[in-house]
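The values are calculated or read from the model by the stated rules, or taken from the named source; none is laboratory data. Please read these numbers as outputs of a predicted model, since none were measured by experiment. A quick note on method: Cβ atoms are made from the backbone with ideal geometry, for glycine too, and the neighbour counts reach across all protein chains shown. Accessible surface is based on the protein model in full, side chains and every heavy atom, while ligands, DNA and RNA are left aside. Shrake-Rupley method; radii C 1.70, N 1.55, O 1.52, S 1.80 Å.
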Amino acid sequence: MGIRRLSEGTVNRIAAGEVVERPAAAVKELIENALDAGATRIDIATSNGGADLILVEDDGSGMEAGDLRLAIERHATSKLPQRNGEDDLSHIETLGFRGEALPSIGAVARLSIASRTKTGPAKEIAVDGGAVSGPSPTAFRAAGQHGTRVDVRELFYATPARLKFLKSTRSEDLATLDIVKRLAMARPDVAFTLTVDGRRVLDLEAGRDLLESRLTRLARIMGRDFHDNAAKVDASREGVALSGYAGLPTYNRANAQMQFLFVNGRPVRDKLLIGAVRGAYADFLARDRHPALALFLECDPAFVDVNVHPAKTEVRFRDAGLVRGLIVGALKMTLAQAGHRASTTVAGAALAAFHDAAYQRQAPPGYQAPEFRPGFRSSPYRTGLHEPSSLFVDGAPVSAKVEEVSATDLPSSPLGVARAQLHETYVVAQTADGIVIVDQHAAHERLVYERMKKALATGGIARQPLLIPEVVELDPSEVSRVAARAGELAELGLVIEAFGPDAVMVREVPAMLGKLDVKGLMRDLADEIAETGNALSLKERLEEVSGTLACHMSVRAGRRLNAEEMNALLREMEATPHSGQCNHGRPTYVELKLADIERLFGRR
């Protein structure tokens, strides 16, 4: 078969497949157009997952008839700046710039666009599978009211094969909801509504400004718990500014779906964020747990390339190392400033457990009194702090030491004053407005671990020279990447050097790791550097060993503590960053407010 030119319609439908691969992608493009037009309110509606209807209406600047004609032509845009008579792809300050969205949608669907400027009459243009009609007068909006309404019906009717690859209606609806949420997170100063099959699923009011309303908008989308358990991030380096909110380590998730990165207001999916977040939270979370956060990066448009993929969700930074270092450093500083603070959801979970237990102990329906527990009895004698109390539950003894409490002894420290130790494991402290229950082993383990980390940082990591240096074969590209990190690896106790184009020589290893699979470690490091640009595997192994040592060196459960020891533990926790969680992200203490306790007993 000889070479031939494809028809214009075929070319447009092929291009549409890159830009509009599913209904959510069309919604994204239309919302970005509305934001670029200066909209302060955007209303979105879909039907049947977006396959039957996508409607996006905004109060932006609107378009004249001539602009409407150009808007549906491929590679026609008002957003790409010009410099010295040439289109400048290095200084893109808008969300859109390719001029492909509307013609792509028009090539595979029935598209109509109605628009009105502040001064001109309303006009409407239609594109039906590529065939254009209009612009013509329309009744869209009253005089003085401006904006644009884009109506997309029967998406992919012109490419039936694409319809077969759409997922279920629910999956497509969820994808659209995710897109709208991400764009709404970036612009809290803009009101958003989303209606799915006639049901309003999202209604976000516009905030007063971009920055002050950010946490409120994030809480509406990510949940109230995020609002209560997020620490503010604010840092900058060499012209790149990072802001946003990072969740406390004890407020963690089973996956990374609650991690969001925005670059100059554009929501992006970037492996740089994943690697940076993992590095920043490595000390505080188990490998299968993930923090929740939303980070906003602002930089010179020339510093980032957004022209990487037609979907515009991927970016490339001129200096990825700078961005990664900024994210890791800012997150670590934010978590350090959070001090001993633990997630409020820990207390919520404890209260929920109390409620569940109380519910399970309820008498049969119709009987309101609490169930009688004949096995419960206690000694009538008051006990001192150093004496075990005579407490029995269902005949089984419960070890406890109780301090004599003075009515005038009012605690002022954040974690309160120790009042008792239960089961030689849990320290109970009284605060000004509640109680704190501390897991003494988990808390002390964290404190020991932080001391060890500080010692490693100030004194360096002891190295063990290999009697016979180990030569590890790698791909030339891997050798280059690993050798470039030689200084960083040396700080962690691993001394390497390039050994020809396809191997590295390992001369020294961290002494604390003991017997080590050097080849396996180097291959893991090479893979990780290629994927995330950082050598976390070695650091994680060192931290794992430190964590194990801290576990063995810490106060064990079952050890009886006196008042001075318990209060010393509380004071050191208050002075130590990250003491609110153990090395695996579990809480070291639970705080219950007096009001919550009173509600448990029906006092409120």
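The table below lists the values:
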{"read-out": "Enumeration of residues in the range 489-504 that are over 17 Å from Asp527 (Cα atoms), at pLDDT 85 or above and touching a strand residue (DSSP E or B) at 6+ places or on another chain (Cβ under 7 Å)", "value": "Val495, Glu497, Phe499"}
{"read-out": "Considering residues of the range 117-128 that are within 25 Å of Gly50 (Cβ to Cβ) and not aliphatic (A, V, I, L, M) only, the residue surrounded by the fewest Cβ atoms within 10 Å (Cβ to Cβ)", "value": "Asp128"}
{"read-out": "Residues satisfying the stated conditions in the range 129-178, i.e. surrounded by fewer than 18 Cβ atoms within 10 Å (Cβ to Cβ) and acidic (Asp, Glu)", "value": "Glu154, Asp178"}
{"read-out": "Leu174 being in a helix (DSSP H, G or I) and farther than 24 Å from Asn264 by Cβ", "value": "yes"}
{"read-out": "The range 260-286 - residue that is assigned to a loop (DSSP other than H, G, I, E, B), open to solvent by 10 Å² or more (accessible area, probe 1.4 Å) and in contact with a strand residue (DSSP E or B) (Cβ under 9 Å, 6 or more places away or on another chain) and, of those, farthest from Arg187 (Cα to Cα)", "value": "Ala286"}
{"read-out": "Output for the range 564-604, where each listed residue is modelled with pLDDT of 85 or more, under 18 Å from Gly247 (Cβ atoms) and either in contact with a Cys (Cβ under 7 Å, 6 or more places away or on another chain) or among the polar types (S, T, N, Q) (or both)", "value": "Thr588"}
{"read-out": "Residue in the range 246-258 that is assigned to a strand (DSSP E or B), of a type outside the set (A, V, I, L, M) and within 25 Å of Val315 (Cα to Cα) present", "value": "yes"}
{"read-out": "Residue in the range 513-521 that is modelled with pLDDT of 80 or more and within 28 Å of the chain's Cα centre (by Cα) present", "value": "no"}
{"read-out": "Selection status of Ala230, closer than 28 Å to Phe317 by Cα and among the small types (Gly, Ala, Ser)", "value": "yes"}
{"read-out": "Test: residue in the range 181-188 that is surrounded by 22 or more Cβ atoms within 10 Å (Cβ to Cβ) and among the charged types (D, E, K, R)", "value": "yes"}
{"read-out": "Number of positions in the range 47-77 that are assigned to a helix (DSSP H, G or I), of a type in the set (D, E, K, R) and open to solvent by less than 30 Å² (accessible area, probe 1.4 Å)", "value": "0"}
{"read-out": "Yes/no for Val233 being over 13 Å from the mean Cα position of the chain (by Cα), over 17 Å from Lys181 (Cβ atoms) and open to solvent by less than 10 Å² (accessible area, probe 1.4 Å)", "value": "no"}
{"read-out": "Failed item, numbered, when Ile44 is tested on (1) outside any strand (DSSP E or B); (2) aliphatic (A, V, I, L, M); (3) buried (at least 18 other Cβ atoms within 10 Å of the Cβ)", "value": "(1)"}
{"read-out": "Index of the failed condition, Gly147 passing every other in (1) modelled with pLDDT of 85 or more; (2) at negative phi", "value": "(2)"}
{"read-out": "Selection within the range 457-488 - assigned to a helix (DSSP H, G or I) and modelled with pLDDT of 80 or more", "value": "Pro476, Ser477, Glu478, Val479, Ser480, Arg481, Val482, Ala483, Ala484, Ala486, Gly487"}
{"read-out": "Residue count, the range 241-259 (criterion: surrounded by fewer than 20 Cβ atoms within 10 Å (Cβ to Cβ) and more than 12 Å from the chain's Cα centre (by Cα))", "value": "2"}
{"read-out": "Conditions (1) of a type in the set (Val, Ile, Thr); (2) farther than 19 Å from Gly520 by Cβ; (3) open to solvent by less than 20 Å² (accessible area, probe 1.4 Å); number of the one not met by Ile461", "value": "(3)"}
